[in-house]
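Read the structure below first, then the notes.
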Amino acid sequence: MKKPKKAVFICGCQRSGTTLLGSLLGGSPTCITTPESQFITDIAAKIDKEEISNTIPKIKKALIDNYRFKIWGINPDFRYINHNNHDNISTEMIWQCIDLYAEKNGKKNWDTWIDHTPEHINYIDFLSKNFSNSYFIHMLRDGRGVFASVKPLDWGESGVIRSARWWSMNIATALAAEKAFENKMIRIRFEDLIVCPERELRKICNFVNIEFKNSMLNGNGFIVPKYSKNQHALIGKAPDQLVSDKWKKNLTHREIEIFEYLSGALLNYLGYELYYGMKATPPTYFEKYSEVVLTFFDKLLNLLRRYYRRKNV
C-alpha cells in the first residue's frame with residue numbers, strides 16, 4: 001500500500017532560516033522543497049470572502065494570476081481533481097502543483113512536501129485542517145540577527161524600533177502556536193542548526209517520520225528562484241557557523257542597545273545573551289523621529305523595487 005504523502009511546514013519570523021532548513025531537508029530523495037506558497041492562504045481568503053467561487057476554473061485563474069505561484073514555473077491543468085469533494089478542491093489542486101513541480105525538478109518518488117513559508121505561522125490551524133498528514137517546525141532566531149538580516153533588503157522593517165516590535169509580535173504568535181499544536185510542532189533554533197546541523201536534522205527527521213540522509217547536510221536540496229536569489233545567496237551550501245554571529249558586526253552598538261531595550265525580556269527568556277541588559281536605554285525622541293522619516297522614504301523606494309521584480313517574474 002502506497003504511503004500517504006505528508007506536508008512539513010517550516011515557519012516563523014522571516015529571515016530566521018526557514019529557507020536554509022528547507023534546502024537541507026530537500027536534500028533527501030523523498031522530500032521536495034518548493035518555493036514559498038503564500039498563495040495557498042491568499043486563495044483561501046478569497047474563497048471565504050466570496051471574491052471567487054470554490055470551483056476549479058476560478059481557483060486555477062486565481063493561482064495563475066498570483067505572482068508567488070508564477071515563481072514555481074509550472075502550468076497545471078487539474079484534470080484529475082475529485083469534483084465531488086468540494087471541501088478539498090483547492091487542497092487537491094495544491095498537491096497536484098507540488099507533484100508537477102517535483103517532476104519538473106527530477107523528483108518522481110517523493111512522499112514529503114517541505115514548505116518554508118514564514119508567514120504560515122499565522123495559519124497553522126487552517127493548514128492543519130486542510131493538510132491532515134502535516135507537521136510544523138518553528139524556526140527561531142535571535143531577533144538581533146533577524147534585524148541585521150532584513151535591514152539591507154527591499155522589504156521588511158529596516159528601522160531598529162519597528163524591527164524589534166515586528167520580531168516580538170512574530171515570536172509571540174509562534175510561541176502561542178507551539179502551545180496550541182504541541183503534538184504537531186517542534187522548535188528549532190537557527191543557531192543550533194548552523195552549529196550542529198546533523199544533530200538538529202536527525203531530531204527533525206525523527207519528529208516528522210522521515211529517514212535522515214547524509215545528503216541533507218550539503219544544503220542543496222532547493223533550487224532558489226531567480227526572484228529571490230539575491231537574498232538567498234547562502235542557500236545551496238552547507239551551513240556556515242559564522243553566519244549566526246554576523247549581526248554583532250553588522251549592527252551598531254546603539255542599534256543593539258535599542259533592540260534589547262524593546263525586546264530584551266523576550267530574548268532573555270528564549271535563552272539569548274544580552275549585551276546591555278538593565279543598562280539599555282530607550283530610543284530618544286530624535287531617534288524615533290529619524291526612523292519614521294527614513295522608513296517612509298525607504299519603503300517608497302523598496303515598493304518600486306518590488307514592483308519591478310514582480311513584473312519580471
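Pairs exceeding 24 Å between alpha-carbon atoms, taken from Lys203/Lys237; Lys104/Lys213; Lys107/Lys184; Lys6/Lys179: Lys107/Lys184.
From its DSSP helices (H runs of at least four residues, each -39,500 (n - 2.57)), the chain gives a residue-normalised ellipticity at 222 nm of -14500 deg cm²/dmol. Peptides 248-254, 173-179 ranked from most to least packed give 173-179, 248-254, packing being the mean of other C-beta atoms within 10 angstrom over each peptide's residues.
Counted by Cβ distance under 13 Å from Ala174, the other residues give a net charge of +1, where Lys and Arg count +1 and Asp and Glu count -1. Remark: the Tyr80-Asn220 segment gains 47.2 nm on full extension, using 0.36 nm per residue and subtracting the alpha carbon distance.
With neighbour counts taken as other beta-carbon atoms within 10 Å, the residues Thr41, Thr34 rank, fewest first, as Thr41, Thr34.
Straight-distance candidates among the aspartates and glutamates for linking to Lys46, with alpha-carbon spacing under 15 Å and chain neighbours fewer than 8 residues away dropped: Asp65, Asp87.
Gap in Å between the Cα centre of segment 127-162 and the Cα centre of segment 99-115? Using only Cα atoms, the two centres lie 25 Å from each other. Within the straight-line cut-off of under 18 Å between alpha carbons, the lysines reachable from Lys49 are Lys58, Lys60, Lys61, sequence neighbours fewer than 8 places apart in one chain being disregarded.
The alpha-carbon of Lys288 sits under 20 angstrom from the alpha-carbons of these lysines, leaving out residues fewer than 8 places away in its chain: Lys151, Lys279, Lys299. To the nearest ten degrees, helix 197-208 and the longest principal axis of the Cα atoms of the chain are 50 degrees apart.
Taken together, the values in this text are just the output of simple stated rules run on the coordinates, not laboratory data. Only a predicted model underlies this, so the values are computations on that prediction, with no experimental measurement involved. In this analysis, Cβ positions are derived from the backbone assuming ideal geometry, glycine residues included, and neighbour counts consider all displayed protein chains.
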